[in-house]
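Colleague: Would you mind keeping the following structure in view while I ask a few things?
All of the numbers you see were taken from the coordinates with simple rules; none came from a lab. Predicted model only: the values in this text are computed from it and were never measured. Positions of Cβ are backbone-derived with ideal geometry, glycine not excepted, and every protein chain shown enters the neighbour counts.
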There are 2 protein chains.
Amino acid sequence: MSQKDQNAAYILQLFKMQTLSQLRASYHNFANLNTFEQAPIALYEPVNYIMNLGGKQIRPLLTLLATQMFKEDIAPALPAAFVAELFHNFSLVHDDIMDVAPLRRGKQTVHEKYDVNTGILSGDVMLIHCYNKLIKSYDGALAIQLVDIFNKVAIEVCEGQQYDINFETQDTVTISEYIDMIEKKTAALLGGALQMGAVIGGASSEDALLLDDFGRKIGIAFQLQDDILDTFGDPEKFGKKVGGDILQNKKTYLVARSFEKADMHTEQALKSLFNQTDILEADKIDKVRTIFEGLDIQNEATQLLNDYYRQAMVSLEKVNVASDRKILLKSISDELMQREK
Amino acid sequence: MSQKDQNAAYILQLFKMQTLSQLRASYHNFANLNTFEQAPIALYEPVNYIMNLGGKQIRPLLTLLATQMFKEDIAPALPAAFVAELFHNFSLVHDDIMDVAPLRRGKQTVHEKYDVNTGILSGDVMLIHCYNKLIKSYDGALAIQLVDIFNKVAIEVCEGQQYDINFETQDTVTISEYIDMIEKKTAALLGGALQMGAVIGGASSEDALLLDDFGRKIGIAFQLQDDILDTFGDPEKFGKKVGGDILQNKKTYLVARSFEKADMHTEQALKSLFNQTDILEADKIDKVRTIFEGLDIQNEATQLLNDYYRQAMVSLEKVNVASDRKILLKSISDELMQREK
């Protein structure tokens, strides 16, 4: 055990806090007790399938970590943690249909393994069970507060997905439009998972909002990283098809920034690549990647993600609890960005 | 004005109750003030499109009527009424994708007018806005009670739709399986719309459940009628493609009862028609219809729907308010079944 890990273990013991792996185990126990065993099987089997595909299960951990910052007993946060993961998986199922994505976490997507109609309907019932779990697990004012946070996030996620779709047929996208889109589509749920956990832990509304902001900033950093990896990542490690964003003409940060930086000639080259249909997939990926490289876009994206990461840490610092209570949120943030480094 | 209408008008005045057309007007005002004008337009325009396709808007009326049975002021029921209609339309948007239905209420379905992805995503956001409207419109315990009723219904609707899909590839379906499916898919929401209205009106839980049961029975009767019309209806009046159920091999009551009644020869004929792909659509519809006619299935279906209608009225009678307060629920039930007569 390194000195750093020893210090962390000591602090956790001092504050009677669970380690990341203890929290993960608590969550997995809870998730295993909450699989969907009811009829009709054809509706619920795909739900269990996607919920068991693995993934890092960052969102439920964030909920538990936020609760633990404010109180010892994290058990009350488990249903909300489960809801954060269930909602995330709902959005993956529907998004994968829209994106015609064959793989998710290196395995078949739900609509590939079953069919599109199953993906639509099983996704719908997952969304409904999110609300059901919140209402059945929490009393009165707390339930309403949680549903309220959840609603805001859920609406943002749909709106973000719509902007993402819009971007595919838009000629250009500004960087601020792009950041707004990923905040809604990806980052809002990280913020919401933390905010729910904070509220369950009895945090002040200021602290709950600071954690929301922390989650959003981390989420934006995470998505910028995902954009980089989708184009420049290692196919083995990425778990999705590398180059998928380019083939779908996704207007990621890489594209938005390229349009800002490119000269007329390069801009035209990029635009015509987007509109070209008689080109081999591998060639299109290669040519777009070469343009990004010429413009040093990967480095700029990395700088921007580091900026958001730093802003996230500033919000976390402001949360009104002992700094030591924040160590796990810091280390999971590191872990989240790990694949980049 | 007929004597019957005059009597009804007198009773309504006596109880300070609004007429059906006054309630409809109140609902329309509310709905018009609650259209979705926010960005992104591509997400919300389809929501306004489907919400404005017309339709009978039975579900919101049921909510208002249930409230009015217990108290004079129906204004508090308007958001729940809106939610009942919004949820209904959400389910239509997603079901129409799954059924590859080109028309809804005689107009293009959402996925036809826009595209499938829009149908999925706009449907999702409609579902989320149902919860948002409930939580923002009602306080504390009432909000939770309403979300609880709504959740139960929403889960049933998804499960019912799944059974309906399962039936397409099942060889046979029993009548009880069929009735269970339509109760979940169609009738549960009518029951839930009434139950929400009753709770808002301050009804006892017994009365709220009686109205739920009334709605479910009426709903089953209504769906049986829909099955009949889908096969035997007038294309002009029906608003959907007549024969659609047959072409999709839907195991409606007509089919379930045919399998019970048919001799071996007829059963085989029906089964092979389901499996046949090299047949003109019009021929398939004709041949299946001829089998139904030979077995007198239309009459039996009509008898069964009248049975459910009577059972609905029995539950309505038991609701513990003056009989005169029930006249509008009776007349809207009549209206609902009108197209049959």
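Colleague: Could you pull the copy-to-copy label distances for residue A:338, with points set 7 Å along Cα to Cβ, in nm to one decimal and sorted shortest first?
Modeller: 6.6
Colleague: Summarise the partner chain shielding of B:112-122 as one whole number: the mean count of Cβ atoms from other chains within 10 Å of each residue's Cβ.
Modeller: Rounded to a whole number, the mean comes out at 4.
Colleague: Next question, about the same structure. Grab the beta carbon distance between residue B:267 and residue B:75, set R0 = 45 Å, and tell me the FRET efficiency rounded to 0.05.
Modeller: The calculated FRET efficiency here is 0.20.
Colleague: To the nearest 10 degrees, how steep is helix A:58-70 against the longest Cα principal axis of chain A, on a 0 to 90 scale?
Modeller: 40
Colleague: Counting alpha carbon pairs within less than 8 Å and at least 6 residues apart, what relative contact order, in whole percent, applies to chain B?
Modeller: Over chain B, the number comes to 18 percent.
Colleague: Please report, for residue B:265, the nm distances (one decimal) from its label point, 7 Å out from Cα along the beta-carbon direction, to the equivalent points in the remaining copies, shortest first.
Modeller: 8.3
Colleague: What's the extension gain from residue A:41 to residue A:148 if we count 0.36 nm per residue and subtract their Cα-Cα distance?
Modeller: My answer for the length gained is 35.4 nm.
Colleague: With +1 on each Lys and Arg Cβ and -1 on each Asp and Glu Cβ, how big is the dipole of the range A:177-276 about its Cα centre, in debye rounded to the nearest 20?
Modeller: 320
Colleague: Enter the mean number of other protein chain beta carbons within 10 Å of the beta carbon of each residue in B:156-163, as an integer.
Modeller: Average per residue, whole number: 6.
Colleague: Additional query: Answer with one residue from B:254, B:98, B:19: the one whose Cα lies farthest towards the positive end of the charge dipole of chain B, charges on Cβ with Lys, Arg +1 and Asp, Glu -1.
Modeller: Going by the Cα projections, it comes out as B:19.
Colleague: Next question. Estimate the FRET efficiency between residue A:16 and residue B:204 by the formula 1/(1 + (r/R0)^6), using the beta-carbon distance for r and 56 Å for R0, to the nearest 0.05.
Modeller: The computed FRET efficiency comes out at 0.75.
Colleague: Assigning unit charges at the beta carbon (Lys, Arg +1; Asp, Glu -1) and nothing else, what dipole magnitude in debye, to the nearest 20, does the range A:3-338 show about its Cα centre?
Modeller: Here the size comes out at about 960 debye.
Colleague: Could you work out how far apart the two model spin labels at residue A:290 and residue B:113 are, taking each label as a point 7 Å from the Cα in the direction of the beta carbon, and quote it in nm?
Modeller: Modelled inter-label distance: 4.6 nm.
Colleague: Once the dipole of chain A is set up with Lys and Arg at +1 and Asp and Glu at -1 on Cβ about the Cα centre, which of A:191, A:333, A:2 lies farthest towards its positive end?
Modeller: Result: A:2.
Colleague: How would you classify the range A:1-123 from its alpha-carbon gyration tensor, with a ≥ b ≥ c the square roots of the eigenvalues: rounded for a/c under 1.5, else prolate if a/b is greater than b/c, otherwise oblate?
Modeller: Since a/c reaches 1.5 and a/b is larger than b/c, the shape of the range A:1-123 is classed as prolate.
Colleague: Which distances in nm, rounded to one decimal and ordered from shortest, link the label point of residue A:294 to the equivalent label points in the other identical copies, with labels set 7 Å from Cα toward Cβ?
Modeller: Distances to the matching label points in the other copies: 7.3 nm.
Colleague: Once every DSSP H run of n ≥ 4 in chain B is given -39500 (n - 2.57) and the sum is divided by its residues, what mean residue ellipticity at 222 nm do you get, rounded to the nearest 500 deg cm²/dmol?
Modeller: Computed mean residue ellipticity for chain B: -24000 deg cm²/dmol.
Colleague: Further, regarding this structure: May I ask for the Rg/Rh ratio of the range B:107-189, computed from Cα atoms with Rh as the Kirkwood radius, given to two decimals?
Modeller: Dividing the radius of gyration by the Kirkwood radius yields 1.08.
Colleague: Follow-up. Could you tell me how many degrees, from 0 to 90 and to the nearest 10, lie between the Cα long axis of helix A:3-14 and the main elongation axis, the longest principal axis, of the Cα atoms of chain A?
Modeller: 40
Colleague: If one takes the longest principal axis of the Cα atoms in chain B, at what angle in degrees, from 0 to 90 and to the nearest 10, does the Cα axis of helix B:116-137 lie?
Modeller: It is inclined by approximately 30 degrees.
Colleague: Inside 10 Å of the C-beta atoms of A:32-39, what's the mean count of C-beta atoms belonging to other chains?
Modeller: 1
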